[in-house]
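Structure, as structure tokens:
The values are calculated or read from the model by the stated rules, or taken from the named source; none is laboratory data. Quantities reported herein were computed from a predicted structural model and do not represent experimental measurements. Neighbour counts run over all protein chains shown; Cβ positions are idealised from the backbone, glycine included. All accessible areas refer to the heavy atoms of the entire protein, side chains included, with ligands and DNA or RNA removed. Shrake-Rupley method; radii C 1.70, N 1.55, O 1.52, S 1.80 Å.
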Amino acid sequence: MTSRPAAAQRLRDLAQLRRVRDRIDREYAQPLDVEALARGAHMSAGHLSREFRLAYGESPYACVMTRRIERAMTLLRRGDLSVTEVCFAVGCSSLGTFSSRFTELVGVPPSVYRREEAGATAGMPSCVAKQVTRPIRNREAPVTEPHLE
């Protein structure tokens, strides 16, 4: 059986991890790295990464990148910003890394997404649009190219 102090500590750790995730949601466009998140949570970077992955199924870094890609999808659908402008607006400092991660999560490069999805959610409530367009978490997007045998 779990002792009461251990259970209480686990609840405190989970509350702290939720605060880290809330910070990621709020500050995704800021320079965030695991060390900075860990300092804010009064944990070591390794401990934060392990506990975060246990609680949420992905690393803190993957969570930051997923949140950035979610926001980038919204900005690209609007159509008034270039891919480069969107990259920097969501806090990425490398267009190559942004494009690679976007393609992994969404299944198409950001330029293709921008061209094909502009107006796709017009008239749709933003809460519904967010659910419908959410990128795939914890897995790469399915390959859409035909397989040659």
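Kindly indicate whether any position in the stretch 66-76 is within 22 Å of Glu116 (Cβ to Cβ), in a helix (DSSP H, G or I) and over 15 Å from the mean Cα position of the chain (by Cα).
Checked the stretch 66-76: at least one residue is within 22 Å of Glu116 (Cβ to Cβ), in a helix (DSSP H, G or I) and over 15 Å from the mean Cα position of the chain (by Cα).
When only residues in the stretch 7-18 that are open to solvent by 50 Å² or more (accessible area, probe 1.4 Å) and at pLDDT below 95 count, which is farthest from the chain's Cα centre (by Cα)?
Gln9
From Arg50, Arg114, Arg71, grab the single residue that is open to solvent by 60 Å² or more (accessible area, probe 1.4 Å), under 20 Å from Asp13 (Cβ atoms), out of contact with any strand residue (DSSP E or B) (no Cβ under 9 Å at 6 or more places or on another chain) and modelled with pLDDT of 90 or more.
Testing whether each residue is open to solvent by 60 Å² or more (accessible area, probe 1.4 Å), under 20 Å from Asp13 (Cβ atoms), out of contact with any strand residue (DSSP E or B) (no Cβ under 9 Å at 6 or more places or on another chain) and modelled with pLDDT of 90 or more leaves just Arg50.
On the basis of being among the aromatic types (Phe, Trp, Tyr), open to solvent by 60 Å² or more (accessible area, probe 1.4 Å) and at pLDDT below 95, does Tyr56 make the cut?
Yes; evaluated as a whole, the condition is true for this residue.
In the stretch 20-51, what count of residues is obtained for those that are touching a helix residue (DSSP H, G or I) at 6+ places or on another chain (Cβ under 7 Å) and assigned to a helix (DSSP H, G or I)?
Counting residues in the stretch 20-51 that are touching a helix residue (DSSP H, G or I) at 6+ places or on another chain (Cβ under 7 Å) and assigned to a helix (DSSP H, G or I) gives 15.
Only one of these is surrounded by fewer than 17 Cβ atoms within 10 Å (Cβ to Cβ) and either under 25 Å from Glu117 (Cα atoms) or under 15 Å from the mean Cα position of the chain (by Cα) (or both): Arg26, Arg4. Name it.
Answer to the selection: Arg26.
Those residues that are without any contact (Cβ under 8 Å) to a residue 40 or more places away in the chain, in a helix (DSSP H, G or I) and of a type outside the set (D, E, K, R), I need them from the stretch 1-19; list them, please.
Pro5, Ala6, Ala7, Ala8, Gln9, Leu11, Ala15, Gln16, Leu17
Going by the structure shown, is Val34 open to solvent by less than 20 Å² (accessible area, probe 1.4 Å) and in contact (Cβ under 8 Å) with a residue 12 or more places away in the chain?
It is false that Val34 is open to solvent by less than 20 Å² (accessible area, probe 1.4 Å) and in contact (Cβ under 8 Å) with a residue 12 or more places away in the chain.
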